[in-house]
Amino acid sequence: DGIMAVSLSQGFLNKNSLEILRKYLTVEKNYIDCVISLPDELSRPKRSEVIVVFRKNKTSDDIVFIDLSSNYNTVPIRYPVSGTFNRNLLLTRETQDKVLCAYNKRKTIDKFSNVVPLRDLVKNEFNLSTSRYVDTFEGDFVRLEDLKNQKEKITANIKKLNKKIDMMLDDLGITS
């Protein structure tokens, strides 16, 4: 009934060479319980990191994905802490509680966490990247149908303007 949290490079989540290992850990053994992406501020320089929580004897067939890339707060600490992460910052209690709530209650929180069934991982070729499962997009969505309509209007307007220009050139006796 063991549980273990490991800091890994983001490359573990989606490299083709590790697909067999991810498949083994997710579907065959059902060991991966949670994937937490860390903000670059807390990761090693030039290396994005994640925390992967492994749990033996899981009772659910899903994985909790938590994205801390933009929705977190830190506080400086007085004494360096040995380990992998940036040694002068610590997540605030509020951020820690939010992570624990999403994990323990297996809760989907908009733009922060998502609980994903294993069948979705199979569809995505065992890609464990949090950005695939937690939508953190902040911009405006554009409907493709609206873009298509705008393009058609612009194209019609260009044709109309070209006809006008051709008529003006014709009136001036200039051939194009």
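See the values below:
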read-out: Enumeration of residues in region 154-176 that are open to solvent by 100 Å² or more (accessible area, probe 1.4 Å) and acidic (Asp, Glu); value: 170, 171
read-out: Criterion violated by residue 92 - all others in (1) modelled with pLDDT of 85 or more; (2) farther than 20 Å from residue 11 by Cα satisfied; value: (1)
read-out: Residue in region 142-154 that is within 16 Å of the chain's Cα centre (by Cα) and over 24 Å from residue 72 (Cβ atoms) present; value: no
read-out: Single match in 120, 110 (criterion: closer than 19 Å to residue 31 by Cα, of a type in the set (Asp, Glu) and open to solvent by 30 Å² or more (accessible area, probe 1.4 Å)); value: 120
read-out: The lone exception for residue 22 - which of (1) modelled with pLDDT under 90; (2) basic (Lys, Arg); (3) part of a loop (DSSP other than H, G, I, E, B) it fails; value: (3)
read-out: Considering residues of region 123-133 that are on the phi < 0 side of the Ramachandran plot and not hydrophobic (A, V, I, L, M, F, W, C) only, the residue surrounded by the fewest Cβ atoms within 10 Å (Cβ to Cβ); value: 123
read-out: Residue within region 134-143 that is under 20 Å from residue 22 (Cα atoms) and surrounded by 11 or more Cβ atoms within 10 Å (Cβ to Cβ) present; value: yes
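Yes/no matrix, rows are residues, columns are (1) of a type in the set (D, E, K, R); (2) in contact (Cβ under 8 Å) with a residue 40 or more places away in the chain:
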position: 106; (1), (2): yes, yes
position: 109; (1), (2): no, no
position: 115; (1), (2): no, yes
position: 124; (1), (2): no, no
position: 131; (1), (2): no, yes
position: 150; (1), (2): no, no
position: 159; (1), (2): yes, no
position: 167; (1), (2): no, no
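The values are calculated or read from the model by the stated rules, or taken from the named source; none is laboratory data. Not measured: the values here are computed from a predicted model. Cβ sites come from the backbone with ideal geometry, for glycine too, and all protein chains shown count toward neighbours. These accessible areas exclude ligands, DNA and RNA; they are computed on the full protein's heavy atoms, side chains included. Shrake-Rupley method; radii C 1.70, N 1.55, O 1.52, S 1.80 Å.
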